[in-house]
Amino acid sequence: MDVLTLSRIQFAATVSFHYIYPPLSIGLGVALVIMEALWLKTGNPLYHQMARFWTRIFALTFALGVATGIVMEFEFGTNWAAYSRFVGDVFGSALAAEGIFAFFLESGFLAVLLFGWDKVSRKMHFFSTCMVCLGAHFSAIWIVVANSWMQTPAGYHIVETPRGPRAEITDFWAMVFNPSSVERLFHVLCGCWQAGAFLVVSVAAWYLLKNRHVDFAKASMRVGLSIGLVASVLSLVSGHESAQGVAKHQPAKLAAFEGLYETTTNAPLVLFGWVDAKNERVIGPKIPGLLSYLTHGDVNKPVTGLREFPPEDRPPVQRVFQLYRLMVGIGLAMIAVSVIGSFLCWRGILFRHRWMLWALVFSVLGPQIANQAGWFAAEMGRQPWIVYGLMRTSEGLSANLSANAVLGSLILFTLIYLLLFAVFVYLLNDKIQHGPDAADLVPSGKLALPRRQ
């Protein structure tokens, strides 16, 4: 394989491994805030036990997220130097904002969250939990802003330099609120909330199946399913809004999502199928007019097809088409699981339905697969552009880069990341098998420093 293909595979592998952990941290952060708020409000020691147990899981995901994310920063310089020079002013601002508003906030209160249970007042600890959760969300905000600028550039101008053109910011807030940033951020956060929620649900369902920590599991299940249900429904809404934005600003990507070659009114929505690229058609069941209606709210309005773009400017249709349907299919399945699980849970009969508990155990995989498929579809759908309409992916490579060097580092990184993933699974399983500590189930008001409110 050539340098371009290997570099793309390397960065995709690095990002994919890394993206397992931040969604879990963000989603678990929300769950921790809710659990600790319930403890403060009710004084029920069960919520204190829940908060402490899931804080340990949060710490594990946070640590792996930091460890796996470092490599990406170096890859911008080693593999994508031309791209880094072109977007340095834009990305530098976004990443600096992440460091100031996200990393320092999150890490500054993390020690209090992890080790301050018996050292600070309950309200101070709750405040620290909220700040860590907020910091995790700020991190997502600035990363999505930077990525969205690559999809829909705004608030910049091109400056010619001795080393080539460079994008420089002319309006910081126009860059931040570029045409796709808000809707994409909302959709990403919904996926993160689902990832954390269904981890809670999965572990709780496992405990119920094994008849262990039953009260803890039931309470965790209620919190997890509540977050999961809300996030799953909002994910459908935000996904629809994001797709409408794609239709407006990146019509070639939407056409690849839907395998649509001919610009047409009453455009059909393909439920599933196979793209026949040679004959430029999709084989599969279709609902006439639904794509036009979902895109424009009017079946008589046209949806742009791929034939409007030169072949060299079209995304890889087959992969984008299938990945997009994988994301949507899992998203709809998560809504169904959330609704059924919530109905059975709040009626108090969930533990009687072992088939549903097993479905909830494996539900933890759904958001992870959907998140990965969605990101792959979004990034492949932007091709052949690394910055949409401004720089092609092939133009962003470093000048002095050999295929052998990239292949060697790809193999090395893959082995290291697989090892880190194995460590993560081992430690996560160890914490789950150990379960919540009985010592954390203390009577209300019996913690250290009880009067510091």
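The values are calculated or read from the model by the stated rules, or taken from the named source; none is laboratory data. All figures in this text were calculated on a predicted structure; none of them were measured in a lab. We place every Cβ from the backbone using ideal geometry, glycine too, and count neighbours over all the protein chains shown.
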Test for Ala448: is it within 30 Å of Leu40 (Cα to Cα), at pLDDT below 90, in a helix (DSSP H, G or I) and of a type outside the set (Val, Ile, Thr): no
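Within the range 172-186, identify whether any single residue is under 18 Å from Phe58 (Cβ atoms), within 22 Å of the chain's Cα centre (by Cα) and not polar (S, T, N, Q), and answer yes or no. Quick ask: steps written out before the conclusion?
The initial filter retains those residues of the range 172-186 that are under 18 Å from Phe58 (Cβ atoms), namely none.
Looking for residues that are under 18 Å from Phe58 (Cβ atoms), within 22 Å of the chain's Cα centre (by Cα) and not polar (S, T, N, Q), one finds none in the range 172-186, hence no.
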Residues that are among the β-branched types (Val, Ile, Thr) and more than 17 Å from the chain's Cα centre (by Cα), drawn from the range 139-156: Thr152
Given (1) surrounded by 15 or more Cβ atoms within 10 Å (Cβ to Cβ); (2) over 25 Å from the mean Cα position of the chain (by Cα); (3) of a type outside the set (A, V, I, L, M, F, W, C); (4) closer than 26 Å to Val182 by Cα, number of the condition Lys301 does not satisfy: (1)
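So that you can scan it fast, the table gives a plain yes or no per residue for (1) touching a residue at least 60 places away in the same chain (Cβ under 8 Å); (2) in a helix (DSSP H, G or I):
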| position | (1), (2) |
| --- | --- |
| Met1 | yes, no |
| Thr5 | no, yes |
| Arg8 | yes, yes |
| Thr14 | yes, yes |
| Pro22 | yes, yes |
| Val30 | yes, yes |
| Glu36 | yes, yes |
| Leu40 | yes, yes |
Number of positions in the range 398-438 that are under 26 Å from the mean Cα position of the chain (by Cα) and farther than 30 Å from Leu46 by Cβ: 15
Filter result for the condition that a residue is modelled with pLDDT of 90 or more, of a type in the set (Phe, Trp, Tyr), assigned to a helix (DSSP H, G or I) and under 20 Å from Val246 (Cα atoms), over Phe186, Phe198: Phe186
Positions within the range 245-269 being buried (at least 16 other Cβ atoms within 10 Å of the Cβ), assigned to a helix (DSSP H, G or I) and not aromatic (Phe, Trp, Tyr), in sequence order: Gly245, Val246, Ala247, His249, Pro251, Ala252, Lys253, Leu254, Ala255, Ala256, Glu258
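Just give me the residues in the range 1-52 being of a type in the set (S, T, N, Q) and closer than 30 Å to Asn404 by Cα, in sequence order.
Step one: of the range 1-52, the residues of a type in the set (S, T, N, Q) are 5, 7, 10, 14, 16, 25, 42, 44, 49.
If the condition is that a residue be of a type in the set (S, T, N, Q) and closer than 30 Å to Asn404 by Cα, then Thr5, Ser7, Gln10, Thr14, Ser16 are the ones that fit.
Return yes or no: is Ala174 crowded, with 19+ Cβ neighbours inside 10 Å and part of a helix (DSSP H, G or I)?
It is false that Ala174 is crowded, with 19+ Cβ neighbours inside 10 Å and part of a helix (DSSP H, G or I).
Specify the residue that is surrounded by the most Cβ atoms within 10 Å (Cβ to Cβ); the eligible residues are those in the range 215-227 that are in contact (Cβ under 8 Å) with a residue 24 or more places away in the chain and within 10 Å of Phe351 (Cβ to Cβ). Show your work before the answer.
Of all residues in the range 215-227, those in contact (Cβ under 8 Å) with a residue 24 or more places away in the chain come to 215-216, 218-227.
If we keep only those that are within 10 Å of Phe351 (Cβ to Cβ) too, we end up with 218, 221.
Working: Lys218: 17, Met221: 26.
In this case the residue turns out to be Met221.
At pLDDT below 90, surrounded by fewer than 17 Cβ atoms within 10 Å (Cβ to Cβ) and in a helix (DSSP H, G or I): does that describe Leu412? So that I can check it myself, show each step before the final result.
Details: at pLDDT below 90: yes; surrounded by fewer than 17 Cβ atoms within 10 Å (Cβ to Cβ): yes; in a helix (DSSP H, G or I): yes.
In short, yes.
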Residue count, the range 194-212 (criterion: touching a residue at least 60 places away in the same chain (Cβ under 8 Å) and more than 16 Å from Ser342 (Cα to Cα)): 6
Wholly enclosed helices (runs of 4 or more DSSP H) of the range 43-146 bearing at least 1 residues in contact with an Asp or Glu (Cβ under 8 Å, 6 or more places away or on another chain) and touching a residue at least 40 places away in the same chain (Cβ under 8 Å): 45-78, 81-98
